Amino acid sequence: MRKRLLIIQPSHYLSKGTHTVLKSRMKPLVPLTLPYLAALTPQDWDVTLADEQIQEINFHSRPKPDVVAITTWTIHSIRAYDIADEFRRRGVAVIMGGPHAWFDPQEAAQHCDAVGVGEGESIWARMLEDACVGRLQKVYRAPQMPSLAGLPLPRWDLLELHKYGPFKTYSLMSSRGCPMQCDFCSERLYLGGGYRVRPTTEVIEDIKHTRSKSIFFGDSDFGGKRVRAMELMEAMIPLRVRWSALWTSNLCNDAEFMDLAKRSGLLHVNIGIESINEETLKEMNKKFNKVNRYTELLRNLRKRGISYSLNFIFGWDNETPDVFRSTLHFLLEEKVPVAYFNILTPEKGTMFYERMKNEDRILKLDEIGRWPGHTCYIKPRYCTAEEMVNEVQHIYREFYSWKSIVKRLPLPVTGANIASWVINLSQRRMARLSGEVNNNFDAF
């Protein structure tokens with residue numbers, strides 16, 4: 001008899017104290033994790049995928065699944081736990097994995113029958129088999145794979161693709177990990193640290209397999225290995241795709257790299273600028289960001305017609321209250337098309353988390369990363385936590401005001417400019433609802 005597997009990617013609740021689940025206002029990216037897990041599943045399973053951003057979870061399906069698998073980030077964890085608890089009440093075995101399970105497997109284990117910690121390739125089939133015969137262990141730990149060669153093609157056919165709109169952007173992965181050592185960032189620690197890249201030929205096959213001309217690389221740092229990134233971009237030129245990615249600021253001053261990126265179809269790049277202050281960048285161990293070259297790197301993007309967005313983080317000890325005004329002034333003067341404003345957060349596993357914990361400066365420890373919007377989880381040096389939230393929300397509203405948008409953005413006559421207008425209008429709408437502001441790359 002064939003076995004039934006339901007794989008769920010949960011959404012999240014709009015705010016603490018509500019059970020209203022967020023549904024995407026714009027068509028979300030076609031997710032990678034669900035169809036990739038389906039591709040890893042042995043052939044004697046019937047697999048159903050559920051992306052809660054676009055569809056409801058059916059707790060009453062008949063016949064019911066033999067196993068439910070849930071992949072979750074921390075922001076989705078409360079909703080993930082509620083889904084898991086409901087299926088377990090109905091007698092269905094539940095397994096859980098993803099970034100949140102990596103950083104807090106003990107908590108996740110309270111809401112499921114088994115937790116997968118690490119890369120799923122080596123433990124996924126075993127967890128499913130053990131679930132069917134009633135011998136699940138509480139925790140399965142996977143070793144880090146030395147190579148990313150030979151990964152299967154995602155099962156896009158199992159998603160309800162029509163619900164992602166007529167112009168779909170597919171999420172893909174060309175590397176895992178991050179080569180940088182930023183003090184605040186937990187992504188470089190996920191899956192055991194280090195930085196590994198996939199073979200260029202296999203990434204190209206992934207792109208072809210989507211049958212789409214719009215691709216988003218969800219890598220922490222697409223350009224982490226420059227030579228290999230250039231090899232991949234060269235191979236993408238014949239495909240004539242429009243693609244987006246994240247990489248470090250120093251690559252934007254590399255003319256050879258940027259020219260090739262443009263020729264290969266780069267539509268948008270997201271860059272972690274984080275601060276316009278050199279001392280603050282030193283504090284976060286991001287000294288490769290050079291403030292005195294910011295104007296140059298932004299000019300390099302503009303002259304190539306590449307849309308871009310910048311990330312900023314507020315709350316560092318050596319900042320002053322003037323940081324918000326000076327940052328906004330910089331953005332308006334440089335006519336930056338898109339910016340995201342974040343509050344410094346002590347993510348578990350990071351050096352910054354340990355420092356804040358030792359200094360007794362963490363607020364609401366159990367809520368870190370759980371909810372969308374702006375929350376301050378530390379005691380800042382130069383203001384209160386409430387003042388920090390108010391200042392960040394203020395800069396968001398000012399940056400996405402009509403006056404600012406009209407001043408910053410060129411006319412929407414190219415694909416890159418249209419993308420910038422779309423995301424500005426989306427962020428403007430969310431900025432007026434201060435609790436819902438969120439980084440959102442779906443427009444790209």
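Annotations
- Matching residues, the stretch 34-75, being modelled with pLDDT of 95 or more and in a helix (DSSP H, G or I): Leu34, Pro35, Tyr36, Leu37, Ala38, Ala39, Leu40
- The residue of the stretch 354-413 that is surrounded by the fewest Cβ atoms within 10 Å (Cβ to Cβ), among those that are over 21 Å from Ile78 (Cβ atoms) and of a type in the set (S, T, N, Q), is Asn358.
- For the stretch 146-157, the criterion of being surrounded by 20 or more Cβ atoms within 10 Å (Cβ to Cβ), farther than 30 Å from Lys287 by Cα, modelled with pLDDT of 95 or more and touching a helix residue (DSSP H, G or I) at 6+ places or on another chain (Cβ under 6 Å) is satisfied by at least one residue.
- If you go through the stretch 319-334 and keep only what is under 28 Å from the mean Cα position of the chain (by Cα) and of a type outside the set (D, E, K, R), you end up with Val323, Phe324, Ser326, Thr327, Leu328, His329, Phe330, Leu331, Leu332.
- Candidate set: the stretch 76-98, residues that are touching a strand residue (DSSP E or B) at 6+ places or on another chain (Cβ under 9 Å) and part of a loop (DSSP other than H, G, I, E, B); chosen: the one nearest to Gly369 (Cα to Cα): Gly98
- Of the helices (runs of 4 or more DSSP H) lying entirely inside the stretch 254-315, those containing at least 2 residues that are over 22 Å from Met230 (Cβ atoms) and in contact (Cβ under 8 Å) with a residue 24 or more places away in the chain span 278-283, 294-303.
- Leading residue by the ranking (least open to solvent (accessible area, probe 1.4 Å)) among those in the stretch 420-440 that are under 17 Å from His268 (Cα atoms) and either modelled with pLDDT under 85 or part of a loop (DSSP other than H, G, I, E, B) (or both): Asn440
- Hey, Ala101 out of contact with any Phe, Trp or Tyr (no Cβ under 7 Å at 6 or more places or on another chain), small (Gly, Ala, Ser) and modelled with pLDDT of 95 or more or not: no
- Number of residues in the stretch 326-355 that are assigned to a helix (DSSP H, G or I) and over 18 Å from Val406 (Cα atoms) equals 7.
- Any hit, the stretch 172-190, residues being at pLDDT below 95, surrounded by fewer than 20 Cβ atoms within 10 Å (Cβ to Cβ), in contact with a helix residue (DSSP H, G or I) (Cβ under 9 Å, 6 or more places away or on another chain) and in a helix (DSSP H, G or I): yes
- Scanning the stretch 210-219 for residues that are open to solvent by less than 40 Å² (accessible area, probe 1.4 Å) and either out of contact with any Ser or Thr (no Cβ under 6 Å at 6 or more places or on another chain) or β-branched (Val, Ile, Thr) (or both) yields Thr210, Ser212, Ile215.
The values are calculated or read from the model by the stated rules, or taken from the named source; none is laboratory data. Only a predicted model underlies this, so the values are computations on that prediction, with no experimental measurement involved. For neighbour counting, all protein chains shown are included, and Cβ atoms are generated from backbone atoms with ideal geometry for every residue, glycine included. Just the protein is used for accessible areas: all its heavy atoms, side chains included, with ligands, DNA and RNA removed. Shrake-Rupley method; radii C 1.70, N 1.55, O 1.52, S 1.80 Å.
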